[in-house]
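The values are calculated or read from the model by the stated rules, or taken from the named source; none is laboratory data. From a predicted model like this one, the values you see are computed outputs, not experimental measurements. Ideal geometry is used to build each Cβ from the backbone, glycine not excepted, and the neighbour counts take in all protein chains shown. Just the protein is used for accessible areas: all its heavy atoms, side chains included, with ligands, DNA and RNA removed. Shrake-Rupley method; radii C 1.70, N 1.55, O 1.52, S 1.80 Å.
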Amino acid sequence: MVAIGSGNGLSESELTAMGGVASRMQTSGELTGIFGKLVFSEEVQRQKLPSTVFKSLRDTIRSGKPLDSGIVDTIAAVMRDWAVDNGATHFSHWFQPMTGNTAEKHDCFITPIGGGRSLDKFSGVELVRGEPDASSFPSGGLRATFEARGYTAWDPTSPAFILRHSRGATLVIPTIFVSWSGEALDKKTPLLRSIRAVNEQALRILRLFGDTTTRRVEVTMGAEQEYFLVDRRLAALRPDLLVTGRTLFGAKPPKGQELDDNYFGAIPERVLAFMTELEYELLLLGVPVKTRHNEAAPAQFELAPMFETANLATDHQMLVMQLLRTVASRHGFLCLLHEKPFAGVNGSGKHNNWSLMTDDGENLFEPGETPESNAQFLVFCAAAMRAVHRYGNLLRMSVCGAGNDHRLGASEAPPAIMSIFLGRALDEIFEHLADNEKKPHFRAEPIEIGISEFPTLSRHDSDRNRTAPFAFTGNKFEFRAVGSSQNPAGSTTVLNTIMAESLDHFATRLESEVAAGREFRAAVHDLLVESAKEDLPILYSGDCYADYWKMESARRGLPNVVSSADCLPHVNSKSSISLFTKYGVYSEAELNSRFEIIAEGYISIVRIEAASAIEIAGTMILQAALRYKKELQAAASTELQLELVKELDDLIDRLIGRLRNLKTLSNFRDEWTTQQQADHCRAVLLPAISALRQVVDALEGVVDDELWPLPTYTELLFSR
């Protein structure tokens, strides 16, 4: 339909202008000079706040002390002056409702005071608290429509920043979002609660090991972000992309990613201009972006940041997604964050690199030179094993979503079976512990790389296993199942909570045995032996895609929760309620609300996809096929040509039949429960959409290209 190479979406003058912007960015000075320039950072606070106010605020941020209400007016005044100096005219409380996106309401600094006069005003109350309408966000029954009051509250642990736009700038203040009655209506509040929970339990373990100086254990995170870029003018001709974020139809192109030529390949110039501007904007906002590259699929790319504390990393990740979309638009692209926008090529994930770090910089998942003798490390590692083994269903639930269901288990993503890859050395250690044998003595072996000019490198204790959902990568765990469109707060909240429970279990046992007079080292040894015996089934170093693993994991008793509809019962099960309420992460009412919100999101997405498929197939594809049939009938003159008409007739009849079937199946019964609606989407609607797609994709290979109404995969994936 569209000539290949003709649709880059921008004129020559626009492309030239973009190249000039990118060039200026690359030569505008050291990157350290722009990093965090638009952030009300610790350094800015130190320079501009009175010393007593600065110290009090830092005590709150570092140790979790309650914020002194007597300093908030001073902070607000200084923050306002700093923001105005940087071009801000408005301020906004910025929060993360259960929509999966961020939300903001802008208020002007200018306050009229009568007589044609105004004040440039921003009070401590305005800094600390806002009041958006809570009834217009998903609440899962926590709030009725007529119960509209909700509050945003300043999160001082995540610094305010300035977002610029073409007409000015806005001071953005990260906040939590709660209802009038105190329930969490967002993703940040449970995350902060889970961070507190894992800190408390980790400190108990550290104290048992004689650490009396660590005051706080932080969760660290670095979320890689994969995404697709397609030409926005081509995307505008695809209603499915615009409405659902993925292509509901599209025949396999002659070339996809079979040649493996896109991965780490040369970045197209137009894409590089986009990446350069994106990184510039992110660095200004203090987002520590580090890596950019082509991903495996055509038109797919990746951005990776450095590690930060989990709360700040989550806020930065939401900024990354926001700016990916806005900067892409400036460059004539549509950025697709859907987990599987194109069938037949890799989808997109958001690998969550998760670890624990003390406030003096010790990584608690750092094995050291001899991990077999590092008892503290082994205890934390065993706790992670126990957490994933006992709560695999919850971990799978934390990444559920209609989009991610299309990705998990495919060639680029881990399966829905939760398992842990530790690597050869650690596997050996825990296997020996499970057998209660003497501690193994494993040393990293050198690896010769065959070039004399290079030094000998240390061999990692194992190869990387990209098929594993939860893989140890040296000093952290990489949770690879998180979807590219998802807020990583959800999975991190669950990781923190199940880790807190395991650390609590270990600490309680060790404290009891030590109090009873047992020697600590012996108690730790027995704990590790018993834990290894119980949790060894969660370890797997083989190919997690293999059919063998499906059978073997079932033999080990590991669940395989393939669909989000099947995840729903685990959201607010009795065991989930017991776990999350024990550590104050979610209340029972909040968990019940999450069930409704997650289920409604899944159901709504599938129903929107069904409605979109019906509209496109019925008003675009069918009409194109009928027009081509008319032309073909008029031109056909031989028996073989008439056979083509008959083949087309058969496809058109199948299209009409599957359209009618999908329309019928899209009707929901009033008496169905939420779970029944979700089950209907999984078992009935999605297969019906897929069946309709099969015939549409077959028609794409038959109908005249000039009549086909949708840009093809070749055009979408290779027009740069």
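Points worth noting:
- When the stretch 666-689 is filtered for residues that are closer than 12 Å to V606 by Cα and surrounded by 13 or more Cβ atoms within 10 Å (Cβ to Cβ), the ones remaining, listed by number, are S666, Q677, A678, D679, H680, C681, R682, V684, L685, L686, A688, I689.
- Annotation note: Cβ proximity below 6 Å between a residue of the stretch 276-298 that is farther than 10 Å from F35 by Cα and a residue that is in a loop (DSSP other than H, G, I, E, B) and small (G, A, S) (sequence gap 6+ or interchain) occurs for N294/G265.
- Scan of the stretch 402-453 for residues that are modelled with pLDDT of 85 or more, touching a strand residue (DSSP E or B) at 6+ places or on another chain (Cβ under 9 Å), more than 16 Å from R480 (Cβ to Cβ) and not aliphatic (A, V, I, L, M), ordered by number: D427, F430, E431
- Of all the criteria given as (1) open to solvent by less than 10 Å² (accessible area, probe 1.4 Å); (2) over 30 Å from V128 (Cα atoms), the one not satisfied by T214 is (2).
- Counted residues, the stretch 646-657 - those being open to solvent by 70 Å² or more (accessible area, probe 1.4 Å) and either touching a helix residue (DSSP H, G or I) at 6+ places or on another chain (Cβ under 8 Å) or in contact (Cβ under 8 Å) with a residue 40 or more places away in the chain (or both): 2
- Taken across the stretch 630-648, residues that are part of a helix (DSSP H, G or I), among the basic types (K, R) and at pLDDT below 95 do occur, with at least one present.
- Boolean, R459 is at pLDDT 65 or above and of a type in the set (K, R): no
- Any hit, the stretch 511-523, residues being in contact with a Phe, Trp or Tyr (Cβ under 9 Å, 6 or more places away or on another chain), acidic (D, E) and either within 19 Å of G210 (Cβ to Cβ) or open to solvent by 50 Å² or more (accessible area, probe 1.4 Å) (or both): yes
- Residue ID - nearest to N592 (Cα to Cα), chosen from residues in the stretch 89-108 that are in contact with a Leu (Cβ under 7 Å, 6 or more places away or on another chain) and among the hydrophobic types (A, V, I, L, M, F, W, C): M98
- The listed residues are R518, R594, and the only one of them that is closer than 24 Å to A197 by Cα and among the charged types (D, E, K, R) turns out to be R594.
- Tally of residues being without any contact (Cβ under 8 Å) to a residue 40 or more places away in the chain and assigned to a helix (DSSP H, G or I) across the stretch 515-524: 3
- Filtering the stretch 697-705 for residues that are farther than 25 Å from K629 by Cβ, of a type in the set (D, E, K, R) and touching a helix residue (DSSP H, G or I) at 6+ places or on another chain (Cβ under 9 Å) leaves an empty set.
- Considering residues of the stretch 243-273 that are free of Cβ contacts under 8 Å to residues at least 60 places away in the same chain and open to solvent by less than 70 Å² (accessible area, probe 1.4 Å) only, the residue nearest to S348 (Cα to Cα): N262
- Checking I205 against (1) within 18 Å of I61 (Cβ to Cβ); (2) out of contact with any strand residue (DSSP E or B) (no Cβ under 6 Å at 6 or more places or on another chain); (3) of a type in the set (A, V, I, L, M), the condition it does not meet: (1)
- Scanning the stretch 202-242 for residues that are acidic (D, E) and assigned to a helix (DSSP H, G or I) yields a single hit, D240.
- Pair list, Cβ under 6 Å, 6 or more apart: the stretch 184-204 residue touching a residue at least 40 places away in the same chain (Cβ under 8 Å) and over 15 Å from T157 (Cβ atoms), other residue acidic (D, E) and open to solvent by 10 Å² or more (accessible area, probe 1.4 Å): Q201/D504
- If the condition is being without any contact (Cβ under 8 Å) to a residue 12 or more places away in the chain and charged (D, E, K, R), then the stretch 568-602 contributes only K574.
- From the options L334, L323, residue that is in a helix (DSSP H, G or I) and either open to solvent by 10 Å² or more (accessible area, probe 1.4 Å) or at pLDDT 95 or above (or both): L323
- Some residue of the stretch 198-213 being more than 30 Å from L364 (Cβ to Cβ), among the small types (G, A, S) and over 25 Å from the mean Cα position of the chain (by Cα): no
- Residue list for the stretch 264-294, restricted to those being assigned to a loop (DSSP other than H, G, I, E, B) and either acidic (D, E) or within 17 Å of V230 (Cβ to Cβ) (or both): I267, P268
- Filter result for N475 (in a loop (DSSP other than H, G, I, E, B), at pLDDT below 95 and touching a Pro at 6+ places or on another chain (Cβ under 8 Å)): yes
- Selection count where residues are under 51 Å from the mean Cα position of the chain (by Cα) and either surrounded by 13 or more Cβ atoms within 10 Å (Cβ to Cβ) or closer than 26 Å to I614 by Cβ (or both), scope the stretch 634-645: 2
- For D526, the criteria (1) modelled with pLDDT under 95; (2) surrounded by 20 or more Cβ atoms within 10 Å (Cβ to Cβ) hold in every case but one, which is (2).
- Residue in the stretch 548-561 that is open to solvent by 20 Å² or more (accessible area, probe 1.4 Å), part of a loop (DSSP other than H, G, I, E, B), β-branched (V, I, T) and more than 16 Å from L495 (Cα to Cα) present: no
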